[in-house]
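The values are calculated or read from the model by the stated rules, or taken from the named source; none is laboratory data. All values reported here derive from a predicted model rather than from experimental measurement. Cβ: placed from backbone, ideal geometry, glycine included. Neighbour counts: every protein chain shown. Ligands, DNA and RNA are excluded from the accessible area calculation, which covers all protein heavy atoms including side chains. Shrake-Rupley method; radii C 1.70, N 1.55, O 1.52, S 1.80 Å.
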Amino acid sequence: MNSRERLIATLTGKPVDRVPVNFYEVGGFKVDPDDPDPFNVYNGPTWRPLLDLAEHKTDLLRMRGPKLAPAPGSRKDEFFTTETTVENGSRFTRTTVRTKNRTLTSTVRRDPEVDTEWEIEHLLKDMDDLKAYLSLPDEALDEDADVSELQPEEALVGDRGLVMISTPDPICLAAALFSLDTYILTAFSEPELFHALLEKLARPLYKTTEQVAKACPGFLWRIFGPEYATEPYLPPQCFVDYVVRYTEPMVRIIQANGGWVRLHSHGRIRSALPHIVGMGVDATDPIEPSPQGDVDLAYVRREYGQDIALFGNLEISDIETLAPAEFEKVVAQSIEEGSRGTGRGFCLMPTAAPYGRVIGAHTMANYETMVRLTHAGA
């Protein structure tokens, strides 16, 4: 059974020769270890063995997205400007949005030693900023999707796995406009304004989702963002109000074009799981163990494994900190719990990936354990 067949069988509840193993961002993100760019952490020499292991020994899920550009007739350039500079070795991206009566600014910092970004200034700082953003004409947010690279990527990965189209949902786009505390306050205490924001962001997102789904039927998709409406950030009803209402239409668009949907949500998902299943998604990830999550894998498999495929549930912190002998026990437990009994499939996968320049021997050994134990079941 090749990796493509194995992953499709996992998604559809068919028998597999072994539990698939995937390293999530490692082997998923598009990286070039030969690129000398100082912000490319993957050109560090200790990354190459891990990238090679993912490439040759795991069931690949290439995370890709369409290129988005202002649609013909878009008025984005009238309102949005972006400038990138390098200061004291760090890269800063500053966005300015000029509305009819207000100027909004945001700043993102990226450092050369870590593959992550920090939003050090959020675009919407108070309710007046939100109202100003809502005053933007819809044409300022209108985009078209270029899918020209997705089909060639699918051909390139071949029988080694699948291309997984990765997209935010409306709540992800909305929450990212605020600092976390301002987002929680707004979503909880200003539902009318927050719904208006979700609706404004959903319209262009639904359009591009349909463009991509029709052009690339039968692809696997990863939708991320629902964790913003899970506990402890917001009470359970908000998951219904802000995720089910606005994310389920994306699920329907994708599935109507023959695609599969994997819904991504970190953290505490116990109260959200009935709604995740109710949306009709095909899979969920990463099913974080305690204390980051509030359900164990055995519970999710028992209660929902007939309805959705499961991807998880190894914490990246365990990969980086547990001694190899202890980590082996964790991996064995995840494989046993995730594939226990009957139901749709399970794929062993971390919750995230290292983002520093150096991969230690300890971390590398634990990734090798994931491959060794899954392959031993073949």
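Structure notes:
- Calculated FRET value between Ile120 and Lys30, using beta carbons and R₀ = 22 Å, to 0.05: 0.30
- For Leu53, the shell of other residues with beta-carbons less than 15 Å away shows a net charge of -1, using +1 for Lys and Arg and -1 for Asp and Glu.
- Look at the dipole of region 292-378 built from charges on Cβ: of Val330, Val358, Gly343, the Cα furthest out on the positive end belongs to Gly343.
- Distance cut-off 15 Å, percentage of C-alpha pairs in region 299-375 lying past it: 54
- Every helix of 4 or more DSSP H residues in the chain counts as -39500 (n - 2.57), and over all residues that averages to -11500 deg cm²/dmol at 222 nm.
- Heavy atoms of the protein chains alone define the surface here; on that basis the chain has 43 Å² accessible area per residue at 1.4 Å probe size.
- Convex hull volume per residue in cubic angstrom - Cα atoms of region 1-148: 182
- Candidate lysines for bridging to Lys214, where Cα separation is under 16 Å - those fewer than 8 sequence places away on the same chain excluded: Lys67
- Sulfur and carbon atoms: percent of accessible area, the chain [1.4 Å]: 53
- Zero-based 10 Å bins, Cα pair distances in the chain, whole percents: 5, 22, 32, 28, 12, 2, 0
- Considering only Val243, Thr103, Gly89, and ranking their Cα positions along the charge dipole of the chain that arises from unit charges at the beta-carbon of Lys, Arg, Asp and Glu, the one farthest toward the positive end is Val243.
- Given charges at beta-carbon only (K, R positive; D, E negative), |dipole| of the chain in Debye: 740
- Computed magnitude of the charge dipole of region 303-378 (debye, nearest 20; Cβ of K, R +1, Cβ of D, E -1): 220
- Springs between Cα atoms under 10 Å define the GNM used for the chain, and in it the highest mean-square fluctuation of Glu55, Glu139, Glu320 occurs at Glu139.
- Only Lys, Arg, Asp and Glu carry charge here, each on its Cβ (+1 for the first two, -1 for the last two); on that basis region 85-227 has a dipole of about 300 debye about its Cα centre.
- A simple spin-label model places pseudo-atoms 7 Å from Cα toward Cβ; at Asp138 and Lys100 they are separated by 1.7 nm.
- Summarising the strand pairing of region 61-191, around 85 percent of its internal DSSP beta bridges are antiparallel.
- Farthest positive-ward along the chain dipole, Cα basis, beta-carbon charges - from Leu134, Leu60, Val261: Val261
- Cleavage-rule hits, chymotrypsin sites (Phe, Trp or Tyr not before Pro), region 315-376, DSSP coil, Cβ neighbours within 10 Å at most 15: Tyr355
- Taking Thr95, Thr208, Thr342 as the candidate residues, the one with maximal mean-square fluctuation in a Gaussian network model of the chain, Cα springs under 10 Å, is Thr342.
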